[in-house]
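Below is one structure, written out as structure tokens, with a few remarks after it.
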2 protein chains.
Amino acid sequence: MVNTRLPFTLPEYHQRLEAVRRSMQTQGIDILIVTNPSNMHWITGYDGWSFYVHQAVIVSLTDEPVWWGRPMDAVGAEKTTWLAGDSIYSYPDDFVQNPEKHAYVHLCGVLKDKGWDQRRIGVEMDNYYFTAACLETLRAEIAGVAVVDATSVVTWQRSVKSEAEIEYMRRAARIVEATHARIREVTRPGLRKNELVAEIYHAALMGADGYGGDYSAIVPLTPSGRDAAAAHLTWDDRELVKGEGTFFEIAGCYKRYHCPSSRTVFLGTPPKEMLNAQDAVLEGLEAGMAVARPGNTCGEIAEAFFGVLRKYGVEKTSRAGYSVGLSYPPDWGEHTMSIRPGDRSVLRANMVFHFMPAIWTPEWGLEITETMRITDEGGPECLANVPRELCVKE
Amino acid sequence: MVNTRLPFTLPEYHQRLEAVRRSMQTQGIDILIVTNPSNMHWITGYDGWSFYVHQAVIVSLTDEPVWWGRPMDAVGAEKTTWLAGDSIYSYPDDFVQNPEKHAYVHLCGVLKDKGWDQRRIGVEMDNYYFTAACLETLRAEIAGVAVVDATSVVTWQRSVKSEAEIEYMRRAARIVEATHARIREVTRPGLRKNELVAEIYHAALMGADGYGGDYSAIVPLTPSGRDAAAAHLTWDDRELVKGEGTFFEIAGCYKRYHCPSSRTVFLGTPPKEMLNAQDAVLEGLEAGMAVARPGNTCGEIAEAFFGVLRKYGVEKTSRAGYSVGLSYPPDWGEHTMSIRPGDRSVLRANMVFHFMPAIWTPEWGLEITETMRITDEGGPECLANVPRELCVKE
């Protein structure tokens, strides 16, 4: 019985699994413990806000993958994945957040039952959901276990998107367009920031073109004035005031696929330094996009962009973007390629990047960003169509 | 210069720090690397959606704590913490999500500079934000490092709330009351689930009594019908239909403090098994609360509750609650005490629990929950006042 709510076709899932297995073989991995929720979803379709307890998908080179987690979430695995029921394993509920017993003791039992404990086991060493305690438990339960760092095995397979994935990201783009339109409409002096964010969420979840919005992997970042010097402050309930800019770092999200897009609104008259930075960013975006084509590298996009910034005398020490697509909290980036000098990752068609040349100074922040798809037809495609210029309102 | 946006007074922060240090001394820890964002916030006031990159607060027994993170977030640390500027350290941006260099190489440099590398170092082994790679890097960079599991050192200090924290949780309670009122108002057949969730977010962020809503550490969980058999499914864009129940597991959030509260709405006529389960849950809640007083244990609450369930012939294999308060995604639970048989944690006044006796069957789910404060005046105080009974609508 095919699960009719799967977001992609079964052949697409099978292709993904084969790609993962090829990568495992290249890296000498027999058994892969996948804990990154985006990777779990990409391979099996598994969806749910259950990543706050230990769970995993275990991939071998031959057998059907195993889903492993909490009993109440095994029900979710039956409903959302393409796996057969006998591939779904769960641990007794008293392993949940119990200081006296770690869930990986149970996971190691599953590995032993399957005869997988003596194989070379790949783990996602630097993923949020594979804690140090997971590794320590693995080592304590399986003497001499051969562990390989596999943080990037699945994430890299996700970097070139399928047509179906691109379609979801385009729907997310329609959603972020509608959300920015709402922001431009309602932002005004005297509006409390939490009220503004309420409007952002409402627009993003209502969706666009009949496609409902999903939750974004990062909440809206919307700092104003000098607070916008800090990249990742969230909102409070103070009123917006005249004479301040506010950047809106948001994403549309459709079925876990993101289209991030940042814009800045200024209430009153922007300082000339901000307008100079805007000129630099707009020209820098174009310069970066001009070299964003298959065969070039992420580093080359960065060099082109930072060259323009230097010409304008604008300083920026952080990276200018990263690959995006499917994601779960706490990050919508894929943790593979970055748009920064020296990143030698080679661009291919249907890679998608959040080109994110934000400028933060001690006095203000300016964000004008684009999510762009690398194409075979020359330049990249900006997924969302939102006016780039600073929105100036009284 | 005192940071005027700190959510608590400086003396309260100093008391917290002293409590953490006493616990460190008891456990033989000289240096504590705090990575749990809630713990970082509780000790220093640090706030921001930056936990998707490596960051920490480092506590010694004598010196002012150190904030360590990304440069753009160091700006946020200056704005949100009570720490002096020279206690804020940052690493070059190319340590961010760079497969070739881990940020903890830099952290170890800080430990060495401070002369802290040869001390006994506590780390939060089972926190999302202390990955296996953090531990491996620590061991690779500091030969023979003495590492102690300190997952619970700060979390346990947070379990008894101050009056100021209780006040924030009461504001969160007003917010969740307003949100449930909106849910009861708008839920109807034909409404798309994403539209309903848009209303939930709007109400939760608008806040109550003039206090704006903050983002909750878990998104609204709102599955309907047979999907409500799975505890942690999130929403889609299908219409609500008659003959199905929907549970709403949500929280009000004010300045990162949560008041979770779940209720269930049924469109049409609920099945009699659900009504029987409701009777069991309502009586079980009362039975649990009757023993929820200082000196008793979490396990005793669970025994009282599960005794009632058995009487009604209702099965539940998962825990029935956990301590709550301050939190960041992906979980609003504190990961200390659980309301489950055998949990010997002793209740004290101003501990707060999400008493969460959810019933999931293959056909439906029913959630009626209370966030309760343990008091010295006999029974617990339910922070939110929301009608408990199933809301039945046509």
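Any read-out appearing in this document is the output of simple, stated calculations on the displayed coordinates, not a laboratory observation. What you see is a predicted model; the values in this text were computed from it and never measured. Don't worry about glycine lacking a Cβ; one is built from the backbone with ideal geometry, like all the others, and counts go over all protein chains shown.
So the label point sits 7 Å from Cα along the Cα-to-Cβ vector; using that for B:Pro11, what distances do you get to the other copies, in nanometres, sorted shortest first?
List, nearest first: 7.2 nm.
I'm checking a number: the convex hull volume of the Cα atoms of chain A, normalised per residue, in Å³. What is it?
Working: hull volume 57.8 nm³, N = 394.
Spelled out: Cα convex hull of chain A, divided by residues, is 147 Å³.
Give the whole-number value, in cubic angstrom per residue, of the convex hull volume spanned by the C-alpha atoms of region A:10-158.
Numbers: hull volume 14.8 nm³, N = 149.
That works out to 99 Å³ per residue.
Rounding to the nearest 10 and keeping the result within 0 to 90°, find how far the Cα-based axis of helix A:163-186 lies from the longest principal axis of chain A.
40
Exactly which GluC sites (Glu not before Pro) in region B:81-148 are in a DSSP loop and have at most 10 other Cβ atoms within 10 Å? Spell out each step's value before the answer.
On the way: sites: B:Glu100, B:Glu124, B:Glu136, B:Glu141; in loops: B:Glu100, B:Glu124.
Qualifying residues, ordered by number: B:Glu100.
Quick check: residue separation of B:Arg184 and B:Lys101 times 0.36 nm, minus the Cα distance between them. What number comes out in nm? Spell out each step's value before the answer.
Numbers: separation 83, 0.36 × 83 = 29.88 nm, distance 5.13 nm.
This chain segment gains 24.8 nm when fully extended.
Counting only DSSP beta bridges with both residues in region A:10-158, tell me the antiparallel percent, nearest 5. Mind showing how you got there, number by number?
Details: 8 of 18 bridges.
Counting only bridges with both partners in region A:10-158, antiparallel ones make up about 45 percent.
To the nearest 500 deg cm²/dmol, what mean residue ellipticity at 222 nm is calculated for chain B from DSSP H runs of n ≥ 4 alone, each contributing -39,500 (n - 2.57), summed and divided by the residues?
Working: 10 runs with 133 residues, N = 394.
For chain B, the value works out to -11000 deg cm²/dmol.
With +1 on each Lys and Arg Cβ and -1 on each Asp and Glu Cβ, and nothing else charged, work out how big the dipole of region A:10-158 is about its Cα centre, in Debye to the nearest 20.
320
Per residue of A:119-130, what is the mean number of Cβ atoms on other protein chains within 10 angstrom of that residue's Cβ? Let's see the in-between values first.
Working: counts 0, 0, 0, 0, 2, 3, 8, 12, 4, 8, 3, 4.
Rounded to a whole number, the mean comes out at 4.
Once the cut-off is 52 Å, how many percent of the Cα-Cα pairs in the protein assembly as shown end up in the long-distance tail?
Values: 21641 of 310078 pairs.
Beyond 52 Å sits 7 percent of the P(r) for the protein assembly as shown.
Considering the options B:Leu240, B:Ile58, B:Ala132, tell which one lies farthest towards the positive end of the dipole of the protein assembly as shown, charges being +1 on Lys and Arg and -1 on Asp and Glu at the Cβ, about the Cα centre.
Projecting each Cα onto the dipole axis, the largest value belongs to B:Leu240.
Report, as an integer, the average count of C-beta atoms from other chains found within 10 Å of each Cβ along B:146-159.
Working: counts 0, 2, 0, 4, 0, 4, 1, 0, 0, 1, 1, 0, 0, 0.
Per residue, the number of nearby Cβ atoms from other chains is 1 on average.
Copy-to-copy spacing for B:Val346, label 7 Å out on the Cα-to-C-beta vector, in nm, shortest first?
Copy-to-copy label distances at B:Val346, shortest first: 6.7 nm.
So what's the projected area for region A:208-248, the Cα convex hull averaged over all directions, in nm²?
Values: hull surface 16.8 nm².
Computed as one quarter of the Cα hull surface, the answer is 4.2 nm².
If each of A:Glu12 and B:Thr9 carries a label point 7 Å out from its Cα toward its Cβ, how far apart are those two points in nm?
Output for this residue pair reads 5.8 nm.
Just to confirm the numbers: A:Glu185, label point 7 angstrom along the Cα-Cβ line, distances to the other copies in nm, shortest first?
1.9
How high is the relative contact order of region A:10-158? Use alpha-carbon pairs under 8 Å, at least six apart in sequence, and give a whole percent. Provide the component values of the computation, followed by the final result.
Numbers: 225 pairs, mean separation 38.8, N = 149.
So the answer I get is 26 percent.
Helix A:193-206 versus the longest principal axis of chain A: what angle, 0 to 90°, nearest 10, using Cα atoms?
Result, in degrees: 60.
Round to a whole angstrom and tell me the spacing of the C-alpha centers of region B:185-225 and region A:370-390.
33
Output the 0 to 90 degree angle, nearest 10, between the alpha-carbon long axis of helix A:10-26 and the longest principal axis computed from the alpha carbons of chain A.
80
Simple spin-label model, 7 Å along Cα-to-Cβ: A:Gln118 to A:Leu282 in nm?
Modelled inter-label distance: 6.8 nm.
With θ set to phi - 60° and the Karplus curve 6.51 cos²θ - 1.76 cosθ + 1.60, what are the ³J(HN,Hα) couplings of region B:239-254 in order, to the nearest whole Hz, using x for Gly and Pro?
Here the 3J(HN,Hα) series is 7, 5, 10, 5, x, 10, x, 10, 9, 10, 9, 9, 9, x, 9, 10 Hz.
Could you state the principal axis extents of the C-alpha atoms in region B:163-392, from the largest down, to the nearest angstrom?
For region B:163-392, the Cα spread along each principal axis is 49, 44, 26 Å.
Considering Cα pairs under 8 angstrom that are at least six residues apart, work out the relative contact order of region B:163-392 and quote it in whole percent.
Once normalised by length, the contact order is 23 percent.
Evaluate peptide B:202-214: per residue, the Cβ atoms of other protein chains within 10 Å of its Cβ; return the mean as an integer. Could the numbers behind the result be given before it?
Working: counts 9, 2, 3, 14, 7, 5, 0, 0, 2, 2, 10, 6, 7.
Per residue, the number of nearby Cβ atoms from other chains is 5 on average.
Express the relative contact order of chain A as a whole percentage, based on alpha carbon pairs under 8 Å and six or more residues apart in sequence. Don't skip to the answer; put the middle values down first.
Numbers: 839 pairs, mean separation 55.7, N = 394.
About 14 percent, as a whole number.
If we sort B:334-340, A:280-286 on the protection proxy, mean other Cβ atoms within 10 Å, highest first, what's the order?
Values: B:334-340: 24.9, A:280-286: 20.6.
Output ranking for B:334-340, A:280-286: B:334-340, A:280-286.
Post the alpha-carbon centroid distance, region B:304-366 to region A:26-88, in whole angstrom.
If we compute the Cα centre of each part, the gap is 26 Å.
Go ahead and run the numbers for FRET between A:Thr269 and A:Asp209, Cβ-Cβ distance against an R0 of 45 Å, rounding to 0.05.
Numbers: r = 37 Å, r/R0 = 0.81.
With a Förster radius of 45 Å, E is 0.80.
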